[in-house]
1. For the stretch 51-93, what are the residues that are in contact with a helix residue (DSSP H, G or I) (Cβ under 9 Å, 6 or more places away or on another chain), at pLDDT below 90 and farther than 29 Å from Thr133 by Cα?
2. Pairs needed: first member in the stretch 240-261, within 17 Å of Met196 (Cα to Cα) and open to solvent by less than 40 Å² (accessible area, probe 1.4 Å); second member anywhere, at pLDDT below 90 and acidic (Asp, Glu); C-beta distance under 8 Å; at least 6 residues apart or different chains.
3. With (1) more than 19 Å from the chain's Cα centre (by Cα); (2) at pLDDT 80 or above; (3) not in a loop (DSSP other than H, G, I, E, B) as the list, and Val44 as the residue in question, which single condition is left unmet?
4. Open to solvent by 20 Å² or more (accessible area, probe 1.4 Å) and among the hydrophobic types (A, V, I, L, M, F, W, C): is that true of Leu349 in this structure?
5. Which count do you get for residues in the stretch 352-392 that are at pLDDT 80 or above, surrounded by 12 or more Cβ atoms within 10 Å (Cβ to Cβ) and touching a Lys or Arg at 6+ places or on another chain (Cβ under 7 Å)?
6. Hey, can you tell me all the residues within the stretch 21-66 that are over 25 Å from Gly294 (Cβ atoms) and among the aromatic types (Phe, Trp, Tyr)?
7. Please state which of the following conditions Asn141 fails to meet, knowing it meets all the rest: (1) at pLDDT 90 or above; (2) farther than 14 Å from Leu76 by Cβ.
8. Within the stretch 150-159, identify whether any single residue is buried (at least 18 other Cβ atoms within 10 Å of the Cβ), farther than 21 Å from Ser123 by Cα and at pLDDT below 90, and answer yes or no.
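The values are calculated or read from the model by the stated rules, or taken from the named source; none is laboratory data. As the structure is a prediction and not an experimental result, all values here were calculated from the model. Cβ placement follows ideal geometry from the backbone for every residue including glycine, while neighbour counts extend to all protein chains displayed. Please note that ligands, DNA and RNA were not included when accessible areas were found on the heavy atoms of the full protein model with its side chains. Shrake-Rupley method; radii C 1.70, N 1.55, O 1.52, S 1.80 Å.
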Amino acid sequence: MYAMMTSNNKQKRNKAPSPELPDELVLEVMTRLPVKSLMRFKCVSKAWRTTISDPSFVRSHLKISACRWEQNPSFLIAPHTLDRDIQGTIFPGNIGFYQWQQGVSEARLVHDRDLFRLARFFSHCDGLVLVPTGTKVFLFNPATRDVLTLPESSRNKVPSFIHHPIGFGRDPRTGMYKVVRSLFGSTDCKTGIVSMGMEVCTVGGPAPPQWREIAGDQPYAPVSSVPAQSVKGGVYWIVDDTNFEPRPRGLLRFDLVDEAFNFISLPSDLSDLGDDDNDDDGDNEHFNLSVLHGELSLTGYRVKEPNDVHRLVVVWVLMEDGASSVWEPRYTLYVMDPCHPIAFLPGTLMLRFNRKLCLYDLQSRELTNACEFIRMRYRRHGSAELVPAWKHVYFCNVIPYMESLVPVGAHMA
């Protein structure tokens, strides 16, 4: 139950009492407010703090944020820069997080701490962002600025600076969040195959988060170069088919409820890609994963047009029905460069290229620039002056993002 928020102050006898809004209406209004305002309202009174922190209120606010995102999506941009020159050697700079909204010409700095270094990619779920770095794993909420450092694990047999395949999502049965990471064991001298496993760290339970090894049989290892995607109670990775004959072309799915694995084959049109020994780009660069409109999507570069003028890009959606799964071709794009669809908008797809975001009209097949990273500007906190967001950018991570009140140790049943 929500805490009552109407004032109990007595009115003066010679003054008519001011009208008070019903608590239900006040709560309805508050669930539509931005996180920044609600964080300030927590300081108004203990009753307001209790209300805003209540899991039921957090869930209601999250649902409205999700609906708002579908109408006007926003994204979290993390530029990777080379801006530290120490005795002639350039080192990666600190990674800041900027929130950018479709149709807006400027970004908003939401997190800039000297904390997230050597992070290759990020994952997002319910307003929480998973940041694996070269030495640690962080879970943080950019809107509330809460940061949780996950405990270390001694099970991996490889150096900590090697990035392990990792992903996270929400267990729909318990409401808790699970971070899932690969374990590297010994290497078979004859085949070169590394023994693999998985470990899970549950966040939001009564006990402090700890890593535990999964007992289930893992059929294949996931690649570390492509971020995992989480949707509908599962975490998905692209399978690493190195040193396997026949080559397992597909995805590895981890069920967040029963913590079991299963293998999902690629669409038949993609199954033969990458078998050319002369391909220097690597098999996994032929396709990538994303979540579009609440569905797992796979983007594949099926064929090239003559003279490499345009590239035919096909987007499949995974249709799952119990134990069976079918890939349904949903969109066909004609673009010049490799791209990564990151959001579905009415009649258009938001595509991420190397240094910009573009809108692709599905009917006219026209491509228009939505955001060029090198031209991005942002406002410093407390300043009205627009300044260049980044210098010496060599790569940008971009993920769909909606702000929420979910704390990093939340139990959202």
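1. Scanning the stretch 51-93 gives no hits.
2. As it stands, the answer is Asp241/Asp283; Pro248/Asp241; Phe261/Asp217, since those pairs meet every condition given.
3. Among (1) more than 19 Å from the chain's Cα centre (by Cα); (2) at pLDDT 80 or above; (3) not in a loop (DSSP other than H, G, I, E, B), the lone unmet condition for Val44 is (3).
4. no
5. Number of matching residues: 5.
6. Of everything in the stretch 21-66, those that are over 25 Å from Gly294 (Cβ atoms) and among the aromatic types (Phe, Trp, Tyr) turn out to be Phe41, Trp48.
7. With (1) at pLDDT 90 or above; (2) farther than 14 Å from Leu76 by Cβ applied to Asn141, the lone miss is (2).
8. Yes; the residues of the stretch 150-159 include at least one that is buried (at least 18 other Cβ atoms within 10 Å of the Cβ), farther than 21 Å from Ser123 by Cα and at pLDDT below 90.
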